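**Q** Please find one structure pasted underneath; my questions will follow.
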Amino acid sequence: MMKLFALGVSVMLATGCAASTDGVDDPSADMDGEQQDEVVSATEPLAMPKPILTYLRTQDWGSHHLQWHTIRQWDRLGPSDQAWAKRQGWARADLMEGAKGNGLEFLAMHRVMIRTLTSKFPKNAECFNGWEKPPTDNADKADPATDAEAFDAKKAAAIDKLQNHLADFKTDEELGLYLETTLRPTSADPNARAADKSAGLHNYLHYRFQDAKSKIDIGDPSVNLQNKRFWRLHGWIEARWTEFRKIKNLSEQDPKYLAAIKKGEEMLAPKLKLPGDGTTKGLPEAPPESLRKFFTKDL
Ligand SMILES: [Cu+2]
């Protein structure tokens, strides 16, 4: 235990995306959780700074994030996963992943998370800057892939499009869906896919870096918010969206945009009364493995 503590202190002294004490204002936070954050900090090289881990845990963002994704996969879930979700008090979302409207909500929800965390933890703002460009080399020094196969050529073309041809997209929605997922569900087929195989870079990158050995696996929505690589990916997406809106001269006062941001904010507000004894203990039942292994190759 002493060792873990010492490690925690040495990490605390660093700045930037290393660690900070911003936002630590609740000395009564429960010890179990605190210890859990210390273990993650000390054993996971990609862990976000500890105050952020503590914030994510006490606000139960992991459960919210799992819920966000799960209820948008509803029509594709098997009966036992649906039953589990219902027992957590969850219900099918109006828009499934890949349906028209889900692209903007995907961008907006992640924007709300990034803006919330950077305003609460300004000294760690650089944790959310994101990649200049997603790494495509399997042996990348900072972000080696867990996938043995070389980077998919169609997804590499998507990176070029997103880095250099953003103006080709017409709307936030088109950009969001293209980035997020290959799913394009129809009423007849919840598993229908986009004809354009360069779509879905986001899900592909989650898949490519997933790591079953990690406690903060980027492939597991219930824990991946604790992972720096998650924010490298989503920081990059965020920057691409910002650039797109700049190129198109789109205002943050646009009602459709504002409504999407508001919806994201409402989702994150800790207003959900979770079954059990409050908002900080997570879900009443641990999520099944099938929902924690979320991302597929999506080619
Ligand atoms: Cu993601």
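Bear in mind these aren't lab numbers, they're just calculated from the coordinates by the rules spelled out. All figures in this text were calculated on a predicted structure; none of them were measured in a lab. Counting neighbours? That spans all protein chains shown, and the Cβs are built from the backbone with ideal geometry, glycine included.
For every residue, the table says whether it meets (1) surrounded by 14 or more Cβ atoms within 10 Å (Cβ to Cβ); (2) not in a helix (DSSP H, G or I).
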{"residue": "PHE106", "(1), (2)": "yes, no"}
{"residue": "ARG111", "(1), (2)": "yes, no"}
{"residue": "THR118", "(1), (2)": "yes, no"}
{"residue": "ASN124", "(1), (2)": "yes, no"}
{"residue": "GLY130", "(1), (2)": "yes, yes"}
{"residue": "PRO134", "(1), (2)": "yes, yes"}
{"residue": "ALA139", "(1), (2)": "no, yes"}
{"residue": "ALA145", "(1), (2)": "yes, yes"}
{"residue": "LYS154", "(1), (2)": "yes, no"}
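**Q** Among the residues of the range 211-224, write down those that are surrounded by fewer than 24 Cβ atoms within 10 Å (Cβ to Cβ) and within 11 Å of the ligand (Cβ to nearest atom).
**A** The one that is surrounded by fewer than 24 Cβ atoms within 10 Å (Cβ to Cβ) and within 11 Å of the ligand (Cβ to nearest atom): GLY219.
**Q** I would also like to ask the following. Among residues belonging to the range 229-249 that are among the charged types (D, E, K, R) and within 13 Å of the ligand (Cβ to nearest atom), point out the one that is farthest from ARG115 (Cα to Cα).
**A** Looking at residues that are among the charged types (D, E, K, R) and within 13 Å of the ligand (Cβ to nearest atom), I get ARG229.
**Q** Given the criteria touching a Cys at 6+ places or on another chain (Cβ under 8 Å) and touching a residue at least 12 places away in the same chain (Cβ under 8 Å), does ASN138 qualify?
**A** No: the conditions fail for ASN138.
**Q** Being among the basic types (Lys, Arg) and farther than 23 Å from MET109 by Cβ is the filter here, so list the residues in the range 194-223 that pass it.
**A** If the condition is that a residue be among the basic types (Lys, Arg) and farther than 23 Å from MET109 by Cβ, then LYS197, LYS213, LYS215 are the ones that fit.
**Q** Would you please name the residue that is farthest from PRO190 (Cα to Cα), looking only at residues in the range 52-104 that are among the polar types (S, T, N, Q) and assigned to a loop (DSSP other than H, G, I, E, B)?
**A** Within the range 52-104, the match that is farthest from PRO190 (Cα to Cα) is GLN59.
**Q** Inspect the range 235-257 for any residue being within 21 Å of the chain's Cα centre (by Cα) and closer than 14 Å to MET48 by Cα and give the result as yes or no.
**A** yes
**Q** Separate question: Return the residues of the range 184-210 that are of a type in the set (A, V, I, L, M, F, W, C) and away from the ligand (no atom under 16 Å from the Cβ); say none if nothing qualifies. If you could, list the steps in order and put the result at the bottom.
**A** Of all residues in the range 184-210, those of a type in the set (A, V, I, L, M, F, W, C) come to 188, 192, 194-195, 199, 201, 205, 209.
Correct list: ALA188, ALA192, ALA194, ALA195.
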